[in-house]
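The values are calculated or read from the model by the stated rules, or taken from the named source; none is laboratory data. Quick caveat: nothing in here was measured; it's all calculated off a predicted structure. Counting neighbours? That spans all protein chains shown, and the Cβs are built from the backbone with ideal geometry, glycine included. Keep in mind that these areas ignore ligands, DNA and RNA; they rest on the heavy atoms of the full protein, side chains included. Shrake-Rupley method; radii C 1.70, N 1.55, O 1.52, S 1.80 Å.
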Amino acid sequence: MPEKPYDHKQIELKWFERWQNQPDLYKADSNSSLPKYYVLEMLPYPSGTLHIGHIRNYSIGDALARYKRMRGFNVLHPMGWDAFGLPAENAAIANRRHPREWTRANIDEMKRQHRRMAFSYDWNREISTCEPGYYRWNQWFFLKMYERGLAYRRQALLNWCPNCATVLANEQVVDGCCWRHETTPVEQREMVQWFIRITRYADQLLSDIKQLEDGWPERVLTMQRNWIGRSEGTEVDFALEGDQRKIRVFTTRVDTIYGATCVILAPEHPLVTDLATAGVHAEVRRMIDARGHKDPGDLEKEGLFTGRYAINPFNGERVPIWVANFIVMGYGTGAIMAVPAHDERDFEFCKQYGIPIRPVIRPVDGDLADPVTIREAFADYGIVENSGQFSGLASAEARLRMNEAAGRAGFGSAAVTFRLKDWGVSRQRYWGTPIPMIHCPCCGVVPVPEEDLPVVLPLDVAITGQGSSPLAAVDAFMNVPCPKCGTAARRESDTMDTFIDSSWYFYRYCDPDNAGAPFDTQSAAYWFPIDQYIGGVEHAILHLIYSRFWTKFMRDLGLVANDEPATRLFTQGMVIKDGAKMSKSKGNVISADQMIERFGADTGRVFELFAAPPEKDLDWTDAGAEGAYRFLGRVYRFLTRNADRALAAQPGGASPSESDRRIRRKLHQTLRKVTEDFETRWHFNTSIAKIMEFVNDLYAAEADLSPAVLLEALETLVLMLEPFAPYVAEEMWEQLGRTGPVFRQPWPAFDAGLAREEEAEIVVQVNGKLRARFQAPFGTPQATLETTALGNDKIQQAIEGRRVAKVVVVPDKLVNIVVR
């Protein structure tokens, strides 16, 4: 067979057309006797088109899926669409196109690109979260949470644009202003919202991290621990002077309470309205609006004195009550006691506003700081001083005794609090799951009966981006009889946070067409937990916390038996171009179609897996892609010109030549490397580099190889390339006269004996310094290694005129000569 040029378009279109006609090509079997493997990339938002940043994520998962199939696993590798969300509404406003139409068109386009990239998804299990058949189960779960007291309503602060007269998502607030009206400051408005009581699961979410320590990146687990933020401390009631009410504060350092010189409230604290004067009210409102959705840690500290005082219950001291922008209502009680001598944040604030500083903790081996000359807070534990009956105690002992004293006196107790807040799930948006609740003037809030699900999102809705929730203006949707009493009532007009859609979607893949339940429990028991989940580290907090919570809730419903959704998590690096993250505004986005047209899908996959370890950021360069293209061309040309000679191999034949032995050794070393990388660290870049080295060795030995060794080398090379470059692998498999998809062939086993080098490189040192190297057969006796080393010309020069005191030999590795 003559050598053929590598025509990526002809090859890829040929196999693309063939595979398109095989809808069950990658079908997973829920009743298989094979061991299962569930590999999943996080489902995408259908934004319009795939670009090369998306492709890296999917190429990693697809390489693993193909490899696992070849290792004999029953692989589930599905794909779906996180299809609800704000961008569709924005597109509707900008383009006068219905969100559903825009979303479905984007799904069709991205699905076409996924198929063209040859990602091996079981499309029979495809889901889209904007379909009633999916989101009815969002509503069902919501009702189950409501029954158990997990879903509830309360007032909450939201971003409000006075020009739009509507609520804004955090993403729509740019530098404190509305994204549409760049000079309109966003205000904070209190509105009734629906919440899910995720905090009820806070302890489980934290303790069960232990189950993930072997399979999830430590960086992600640390982020989750910090987000959950469990703190052990004390709740103490400070009485309001001249009032029966109390301010409950939370502190992790009750041992410092005698050093408290003020109480500070969050701006949103319910007591602020009653305590502050009219002038302070206006400043508090400004403070709330200025903070908006920003992290309080990023703000310059601001405070306001309310003019009121509280009483420290431990010593009866009168302390001023302040309001400050860095106190968060959602953490602890929304009120703190400020101890500036022993907390750096409090120190900065009190110095700024001239509030007294009183040290009450000294170092174990030091003196108490002078309140006049103190320059920084002493935040460590130590010995308590100037603290009444607790003076002289170590901090730990003082905390225990103070907790006991507060409990006996009835003004406090030991407490645990979490940074994690309940999940606000109301969205004043159209394109989302309708919340299945009805507001009756007689019965109050009434859940929609399960038999009436789904509450279908109406299509005839005007989306203007102004006013309240778009659904509120659709009378045909909103006006319904109360399910309890039949009185005219109104539906809930808010829709659900789209993180609900993505909190359980991977279970629906097990049973996507089930109309009677979210999924079949036996099917879920077979596939779960996910063996390998893949996605960006930016999802470490919200999506991954919510999905872990949802799994625990479904376990408590009896739907699943697993505590966690995924055994292993992999967070891939970003693809950047010209040193920056790809974005339309920077003009550095390369679409999948552009890449396929110029280089081919296989080249894109190979380059993105080769150019950097998968957990690191990758800088796309055309030169790098061209290198990957040349590599695939070299492989293809070598195979096509040698296929006939390889296929002429006869059983038996002549004894293997030195070239045959060397190539077989390199082949099995390469196969060992690729296999170990798949099984352990996923360094696909080094796997592909090793394959490239092997191809170079094949070129160098081409003329001297026997047909039998050539055939073994070519077949194994194609099988190793299959997970990375499926199109050209399939074409070369056919060129070798083989049939059937390559991914259904068994993964070849490397021979450890053949993979071992015949000779070891022996390092020779003189007094620990490298002086020479030589080759020796493995297992060479130590005496022979010593003699060879001492006879080496370089070593003789190094030891000339000196006495050899000792020779240390490490077999197959090293000879160290000690001279005096």
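Each of residue 583 and residue 769 was given a label point 7 Å from its Cα along the Cα-to-Cβ line. The distance between the two points is 5.5 nm.
Return the ratio Rg/(2.2 N^0.38 Å) for the stretch 231-417, where Rg is computed over Cα atoms only.
After normalising by residue count via 2.2 N^0.38 Å, the value is 1.00.
3J(HN,Hα) along the stretch 23-36, derived from phi through the Karplus expression 6.51 cos²θ - 1.76 cosθ + 1.60 where θ = phi - 60°, amounts to x, 9, 4, 10, 5, 8, 10, 6, 10, 6, 8, 6, x, 8 Hz, with x in place of Gly and Pro. Taking amide H positions as modeled 1.01 Å from N, with prolines and chain starts lacking one, the residues under 5 Å from residue 425 and 5 or more places away or on another chain are 194, 195, 196.
Coupling constants for the stretch 527-544 follow from the phi torsions by the Karplus curve (6.51 cos²θ - 1.76 cosθ + 1.60, θ = phi - 60°), and in residue order they are 8, 9, x, 4, 6, 8, 10, 10, x, x, 5, 5, 9, 4, 9, 5, 4, 6 Hz; glycine and proline get x. Taking only the alpha carbons of the stretch 615-755, we obtain Rg and Dmax values of 15.2, 50 Å in that order. The H on the amide N of residue 151, modeled in the peptide plane, is under 5 Å from the matching H of 146, 197, each at least 5 residues off or on a different chain. Of the residues 339, 281, 65, the one whose Cα sits farthest toward the positive end of the charge dipole of the chain, with +1 on the Cβ of Lys and Arg and -1 on the Cβ of Asp and Glu, is 65. Taking 0.890 mPa s as the viscosity and 25 °C as the temperature, the Stokes-Einstein diffusion coefficient of the chain based on its alpha-carbon Kirkwood radius rounds to 77 µm²/s. Along its three principal directions, the equivalent ellipsoid of the stretch 759-819 from the Cα gyration tensor extends over semi-axes of 18, 11, 10 Å, largest first.
Which one, 629, 743, 656, is farthest towards the positive end of the dipole of the stretch 615-755 when Lys and Arg carry +1 and Asp and Glu -1 on their Cβ? Projecting each Cα onto the dipole axis, the largest value belongs to 656. Roughly how many percent of the accessible protein surface of the chain is carbon and sulfur, given a 1.4 Å probe and a whole-percent answer? Ligands and nucleic acids excluded, carbon and sulfur give 49 percent.
Close amide-amide hydrogen proximity is noted between residue 489 and 480, 482, each under 5 Å apart and 5 or more residues distant or on a separate chain (H modeled in the peptide plane; Pro and chain starts excluded). Using a cut-off of 23 Å between Cα atoms, the listed pairs 246/301; 27/144; 577/616; 769/813 include 246/301; 27/144 as exceeding that distance.
Other residues whose C-beta falls under 12 angstrom from the C-beta of residue 248 contribute a net charge of 0, scoring Lys and Arg +1 and Asp and Glu -1. Rounded to the nearest whole Hz, the Karplus-based 3J(HN,Hα) values (6.51 cos²θ - 1.76 cosθ + 1.60, θ = phi - 60°) of the stretch 791-804 follow the sequence x, 5, 4, 5, 6, 4, 5, 6, 9, 4, x, 10, 9, 6, with x at glycine and proline. With N the number of residues in the stretch 687-770, Rg(Cα) / (2.2 N^0.38 Å) evaluates to 1.46.
Assign unit charges at the C-beta atoms only (+1 for Lys and Arg, -1 for Asp and Glu), then state the dipole size of the chain relative to its Cα centre in Debye, rounded to the nearest 20.
Numbers: 97 positive and 107 negative charges, 109 e Å.
Approximately 520 debye in magnitude.
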